[in-house]
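Chemist: Have a look at this one.
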Amino acid sequence: MAIVITPINPVAFSVFGLPIRWYALAYIAGFIIGFYLFRYLTKNKDSAICVSKKQLDDLLTYIVLGVIVGGRLGYVLFYNLPYFIERPLEIFALWHGGMSFHGGLLGVIIATFLYASKQKFQDKSTVRNSFRILDVLSVVVPVGLGLGRIANFINMEVMGRVTNSPIGIVFKGDVSYPRHASPLYEATLEGLVLFIIMWLLYTKTNLKAKPGAISGLLCVFYAVFRIFCEQFRQPDTQIGFLTSWGLTMGQMLSGIMFVIGTTIFVYALRKK
């Protein structure tokens with residue numbers, strides 16, 4: 001017996017006739033919570049890096065641009081390139097949806113390195129400072145991930161595969177078969193669980209003294225959780241499975257992410 005859910009209106013409210021969607025509010029809430037969480041962690045005397053209020057404001061600008069530009073271009077390149085080649089102006093139509101976490105992560109990394117290269121920190125190394133900032137951001141990232149996946153569920157998008165399981169979800173009025181609520185699975189693992197892990201690693205261990213160690217582990221844990229959740233998530237229609245044995249684009253990108261994260265982690269531990 002499937003669980004029947006009454007759909008939630010994807011539009012939270014309107015301002016002067018302009019619809020404000022839950023998806024947009026999830027992004028805004030993620031940036032705001034992330035800002036204060038980052039400030040809290042860097043104000044701690046044990047923080048790996050000290051960031052002034054002005055520097056933090058500048059960093060927020062870089063991160064927002066990195067997430068939006070990287071996330072959108074990642075979706076264009078990884079998930080629907082032929083469509084956007086035919087309709088290049090659609091690349092800028094963010095309100096139509098289509099963001100990639102892996103692209104957004106790459107955008108944040110590039111933005112962080114650009115930011116660190118322009119700041120005056122006590123340590124003159126751009127690479128070390130960049131990884132110190134990314135280590136703090138590793139605690140922040142799961143917050144935005146969790147909120148984004150909840151917004152996906154509200155939008156009834158990226159839903160899971162058809163299932164006979166009693167935890168299958170059917171939206172009231174929808175004629176489709178019960179499906180896994182994969183956005184909620186991801187919100188739990190990639191959001192809540194990953195946040196707890198990253199928080200404990202940053203606050204309860206000495207790994208932050210090794211620039212890159214915690215951000216490397218973020219890549220590793222996220223990749224494992226994403227690969228697992230992709231077992232329940234329906235592949236994108238325009239791509240489908242990449243192999244006859246069921247490999248998805250998300251799993252392939254996460255596998256690459258796992259290798260890179262492991263390499264960064266090992267190098268950070270060995271680097272004096």
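The values are calculated or read from the model by the stated rules, or taken from the named source; none is laboratory data. Values in this document were obtained by computation on a predicted structure and should not be read as measured data. So basically every Cβ, Gly included, is an ideal-geometry build from the backbone, and we count neighbours across all protein chains shown.
Chemist: If I ask for residues that are assigned to a loop (DSSP other than H, G, I, E, B) and of a type outside the set (A, V, I, L, M, F, W, C), which ones from region 208-236 would you list? Break it down into steps so the answer makes sense when it comes.
Modeler: Here is the first cut: in region 208-236, the ones assigned to a loop (DSSP other than H, G, I, E, B) are 210-212, 230-232, 234-236.
Of everything in region 208-236, those that are assigned to a loop (DSSP other than H, G, I, E, B) and of a type outside the set (A, V, I, L, M, F, W, C) turn out to be LYS210, PRO211, GLY212, GLU230, GLN231, GLN234, PRO235, ASP236.
Chemist: Looking at region 221-257, which of its residues are surrounded by 15 or more Cβ atoms within 10 Å (Cβ to Cβ) and of a type in the set (Val, Ile, Thr)?
Modeler: Of everything in region 221-257, those that are surrounded by 15 or more Cβ atoms within 10 Å (Cβ to Cβ) and of a type in the set (Val, Ile, Thr) turn out to be VAL224, ILE227, THR248.
Chemist: Another question about this same structure. Within region 41-58, does at least one residue satisfy the condition of being among the hydrophobic types (A, V, I, L, M, F, W, C), under 22 Å from the mean Cα position of the chain (by Cα), at negative phi and crowded, with 17+ Cβ neighbours inside 10 Å? Spell out the reasoning first.
Modeler: Residues of region 41-58 that are among the hydrophobic types (A, V, I, L, M, F, W, C), as a first pass: 41, 48-51, 56.
This time we only want the ones that are under 22 Å from the mean Cα position of the chain (by Cα), so: 41, 56.
Remaining after also requiring at negative phi: 41, 56.
Remaining after also requiring crowded, with 17+ Cβ neighbours inside 10 Å: 41.
Yes.
Chemist: Looking at this structure, is ARG179 under 29 Å from PRO10 (Cβ atoms), in contact with a His (Cβ under 9 Å, 6 or more places away or on another chain) and touching a residue at least 24 places away in the same chain (Cβ under 8 Å)?
Modeler: Details: under 29 Å from PRO10 (Cβ atoms): yes; in contact with a His (Cβ under 9 Å, 6 or more places away or on another chain): no; touching a residue at least 24 places away in the same chain (Cβ under 8 Å): yes.
For ARG179, the condition - under 29 Å from PRO10 (Cβ atoms), in contact with a His (Cβ under 9 Å, 6 or more places away or on another chain) and touching a residue at least 24 places away in the same chain (Cβ under 8 Å) - is not met.
Chemist: Answer yes or no: is there a residue in region 155-167 that is outside any helix (DSSP H, G or I), within 19 Å of ILE256 (Cα to Cα), of a type outside the set (Gly, Ala, Ser) and under 23 Å from the mean Cα position of the chain (by Cα).
Modeler: Here is the first cut: in region 155-167, the residues outside any helix (DSSP H, G or I) are 155-167.
Checking which are within 19 Å of ILE256 (Cα to Cα) leaves us with none.
Within region 155-167 (the criterion being outside any helix (DSSP H, G or I), within 19 Å of ILE256 (Cα to Cα), of a type outside the set (Gly, Ala, Ser) and under 23 Å from the mean Cα position of the chain (by Cα)), the answer is no, since none of the residues qualifies.
Chemist: When you check THR205 against the structure, is it surrounded by fewer than 19 Cβ atoms within 10 Å (Cβ to Cβ), under 15 Å from the mean Cα position of the chain (by Cα) and among the hydroxyl-bearing types (Ser, Thr, Tyr), yes or no? Let's see the steps before the verdict.
Modeler: Values: surrounded by fewer than 19 Cβ atoms within 10 Å (Cβ to Cβ): yes; under 15 Å from the mean Cα position of the chain (by Cα): no; among the hydroxyl-bearing types (Ser, Thr, Tyr): yes.
For THR205, the condition - surrounded by fewer than 19 Cβ atoms within 10 Å (Cβ to Cβ), under 15 Å from the mean Cα position of the chain (by Cα) and among the hydroxyl-bearing types (Ser, Thr, Tyr) - is not met.
Chemist: What about ILE260, is it of a type outside the set (D, E, K, R), surrounded by fewer than 22 Cβ atoms within 10 Å (Cβ to Cβ), modelled with pLDDT of 95 or more and more than 16 Å from HIS180 (Cβ to Cβ)?
Modeler: On the way: of a type outside the set (D, E, K, R): yes; surrounded by fewer than 22 Cβ atoms within 10 Å (Cβ to Cβ): yes; modelled with pLDDT of 95 or more: yes; more than 16 Å from HIS180 (Cβ to Cβ): yes.
Yes.
Chemist: If we keep just the residues of region 53-87 that are assigned to a helix (DSSP H, G or I) and charged (D, E, K, R), which is nearest to GLY148 (Cα to Cα)? Before the answer, list the steps.
Modeler: Of region 53-87, the ones assigned to a helix (DSSP H, G or I) are 53-79, 81-86.
Still in the list and also charged (D, E, K, R): 53-54, 57-58, 72, 86.
Numbers: LYS53: 27, LYS54: 28, ASP57: 23, ASP58: 23, ARG72: 14, GLU86: 28 Å.
The extreme case among them is ARG72.
Chemist: Let me ask something else about it. Do you know which of the residues in region 119-151 that are among the basic types (Lys, Arg) and outside any helix (DSSP H, G or I) is nearest to ILE32 (Cα to Cα)? Step through it out loud before you land on a result.
Modeler: Taking region 119-151 first, the residues among the basic types (Lys, Arg) are 120, 124, 128, 132, 149.
Going one step further and asking which of them are outside any helix (DSSP H, G or I), we end up with 120, 124.
Values: LYS120: 25, LYS124: 29 Å.
It comes out as LYS120.
Chemist: Given PHE153, PHE195, PHE221, PHE171, which one is touching a Pro at 6+ places or on another chain (Cβ under 7 Å), touching a residue at least 12 places away in the same chain (Cβ under 8 Å) and closer than 17 Å to LEU134 by Cα? Spell out the reasoning first.
Modeler: Details: PHE153 fails: closer than 17 Å to LEU134 by Cα; PHE221 fails: touching a Pro at 6+ places or on another chain (Cβ under 7 Å); PHE171 fails: closer than 17 Å to LEU134 by Cα.
From the options PHE153, PHE195, PHE221, PHE171, the qualifying one is PHE195.
Chemist: If THR188 satisfies all but one of (1) surrounded by fewer than 21 Cβ atoms within 10 Å (Cβ to Cβ); (2) assigned to a loop (DSSP other than H, G, I, E, B), what's the number of the condition it fails?
Modeler: (2)
Chemist: Please determine, by comparing only the residues of region 1-36 that are in contact (Cβ under 8 Å) with a residue 60 or more places away in the chain and surrounded by fewer than 12 Cβ atoms within 10 Å (Cβ to Cβ), which one is nearest to LEU145 (Cα to Cα).
Modeler: My answer is THR6.
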